[in-house]
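The values are calculated or read from the model by the stated rules, or taken from the named source; none is laboratory data. Everything quoted here is computed from the prediction, not taken from an experiment. A quick note on method: Cβ atoms are made from the backbone with ideal geometry, for glycine too, and the neighbour counts reach across all protein chains shown.
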């Protein structure tokens, strides 16, 4: 009433006359602030747009939210002579573990500083103390080395605080090492002992802590068309046992024996990721399928959306299963029991949660558990052309799956990271590039770019760019980065404000370095 009356008077009186009607000191103060608001211009945050991108997203949280959510990271580099995927993408984890206030990191390195693509590298382990800023001398754990980037090591800690490192796995048994001392990586390879092999053949091993402090390893059993399954150890990695049937084997439904069949034998294959539930009794598995097509038959590569017979190297659709790790029963999202191993027919009938209509990805999706205890996904798909991509947030809302664009991407091998914090805010750490798609023979063929943090404050319905994590450091201007991942403790708890990835500057040499971002506070 008071403000309304004042504005009416202000329409027909001079300011001096208006003040004469209000002699109360407090009222005058209020009126002065109102006048200042009316006559002093203010600027408001607008929309955030990126040039040359397929989408532009609105800024919904305002500048205050951006400032509040920014973290002042410190960057530490490690590892010389790295190559492609010296720190691996999300199919092959973890490459770090946090124990007794130190981060322990494994990676592939040791190539010459002027290394050409596919030069021999070796497994290394190092440690970093965030409180003192001390990075230990790297320890080389093998002398044989390999040109195969799939041989990247992984690391975990057992219940007695001994470190385990597994490396050299690409349809091979690899090498399983255990530290000789508790919570100590030692000073050389002599401080490690060879442990029993996990299995005679595995690829893309990923290890998690599950119920009763057991360890689970999910992996592909052999080459591209082989099955995916898991093993569990309850005796600190000495022995491993698993389900009677593999989880996914897209060719398990049988192959045609008709030699005159134009398209040849079915060669269905999948790329997969997984995440244990909060109680460690269930395993969430997501996967996409593709035709491995070893003979490069053009008809088998044909994509009806893009009208091409070229090998686009895309993986299609999004499938999901949930495994009861105590009974080994496998179910789909609706709770129906699924026949194992899951072949392509069963996957399409019972497990498909997103038919992508011939849009594809390279990297399989990142998985989180959302606020409703359902799986949710960070996924990437091609769009109008097979060289344009968008990041999507995929979740289950009101009895249906919903997909929302987060931001554009220019490469299907950009391996990003998604986190839901304790306040319900979603954080997507995205590999963002300059819009130039590169499928050349160099290191750029596996993606790479800047690392940007995007957040959603409304359960994934809208997203806002918060910050570029590396931009403020002039030393790494012009570098590309990829395969960002969290740092976790031995039980799988995520360490806040600590991120691991790798990067490179010169594509011609293919020499890469590892990086750790952390908050000194």
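Among the residues of region 454-490, those that are touching a helix residue (DSSP H, G or I) at 6+ places or on another chain (Cβ under 8 Å) and either modelled with pLDDT of 95 or more or in a strand (DSSP E or B) (or both) comprise 455, 457, 464, 466, 467, 480, 482. In region 497-506, the condition of being part of a loop (DSSP other than H, G, I, E, B), surrounded by 16 or more Cβ atoms within 10 Å (Cβ to Cβ) and at pLDDT below 90 is met by no residue. Residue check: is residue 256 out of contact with any strand residue (DSSP E or B) (no Cβ under 9 Å at 6 or more places or on another chain), surrounded by fewer than 16 Cβ atoms within 10 Å (Cβ to Cβ), modelled with pLDDT of 95 or more and more than 22 Å from residue 221 (Cβ to Cβ)? Taking the combined requirement at face value, the residue does not satisfy it. Checking every residue in region 415-422 against the condition of being surrounded by 22 or more Cβ atoms within 10 Å (Cβ to Cβ) and part of a loop (DSSP other than H, G, I, E, B) gives at least one match. Please determine, by comparing only the residues of region 193-205 that are within 21 Å of the chain's Cα centre (by Cα) and surrounded by 21 or more Cβ atoms within 10 Å (Cβ to Cβ), which one is farthest from residue 241 (Cα to Cα). Only one residue tops the list, namely 204. Restricting attention to region 423-435, the residues that are in a loop (DSSP other than H, G, I, E, B) and at pLDDT 95 or above total 3. Within the bounds of region 367-384, is there any residue that is closer than 23 Å to residue 487 by Cβ, out of contact with any strand residue (DSSP E or B) (no Cβ under 6 Å at 6 or more places or on another chain), touching a residue at least 24 places away in the same chain (Cβ under 8 Å) and crowded, with 21+ Cβ neighbours inside 10 Å? Within region 367-384, none of the residues are closer than 23 Å to residue 487 by Cβ, out of contact with any strand residue (DSSP E or B) (no Cβ under 6 Å at 6 or more places or on another chain), touching a residue at least 24 places away in the same chain (Cβ under 8 Å) and crowded, with 21+ Cβ neighbours inside 10 Å. Restricting 374, 414 to those that are more than 16 Å from the chain's Cα centre (by Cα) and modelled with pLDDT of 95 or more reduces the list to 374. Considering the conditions (1) surrounded by 20 or more Cβ atoms within 10 Å (Cβ to Cβ); (2) closer than 27 Å to residue 314 by Cα, residue 119 is excluded by exactly one of them, (1).
The strands (runs of 3 or more DSSP E) found wholly in region 61-173 and carrying at least 2 residues that are modelled with pLDDT of 95 or more and closer than 24 Å to residue 184 by Cβ occupy 74-82, 96-99, 102-109, 122-129, 154-157, 163-167.
Screening residue 460 on (1) under 21 Å from residue 95 (Cα atoms); (2) under 19 Å from the mean Cα position of the chain (by Cα) shows it passes everything except condition (1).
Under the condition of being closer than 24 Å to residue 246 by Cα and part of a loop (DSSP other than H, G, I, E, B), the residues counted in region 356-373 number 4.
Taking region 308-344 on its own, how many of its residues are closer than 17 Å to residue 276 by Cα, without any contact (Cβ under 8 Å) to a residue 24 or more places away in the chain, part of a loop (DSSP other than H, G, I, E, B) and under 26 Å from the mean Cα position of the chain (by Cα)? Number of matching residues: 1. Of the residues 127, 188, the single one that is surrounded by fewer than 15 Cβ atoms within 10 Å (Cβ to Cβ) and either without any contact (Cβ under 8 Å) to a residue 40 or more places away in the chain or more than 28 Å from residue 224 (Cβ to Cβ) (or both) is 188.
Looking at the structure I just gave you, is residue 146 over 20 Å from residue 238 (Cβ atoms) and out of contact with any strand residue (DSSP E or B) (no Cβ under 6 Å at 6 or more places or on another chain)? The answer is yes for residue 146.
For region 272-282, indicate whether the set of residues that are surrounded by 14 or more Cβ atoms within 10 Å (Cβ to Cβ), touching a helix residue (DSSP H, G or I) at 6+ places or on another chain (Cβ under 7 Å) and either modelled with pLDDT of 95 or more or farther than 21 Å from residue 226 by Cβ (or both) is non-empty. Yes - at least one qualifying residue is present in region 272-282.
When 342, 394, 338 are screened for being over 27 Å from residue 305 (Cα atoms), touching a strand residue (DSSP E or B) at 6+ places or on another chain (Cβ under 8 Å) and either at pLDDT below 95 or surrounded by 19 or more Cβ atoms within 10 Å (Cβ to Cβ) (or both), only 338 passes.
Against the criterion of being at pLDDT 95 or above, within 23 Å of residue 342 (Cβ to Cβ) and part of a strand (DSSP E or B), residue 216 qualifies.
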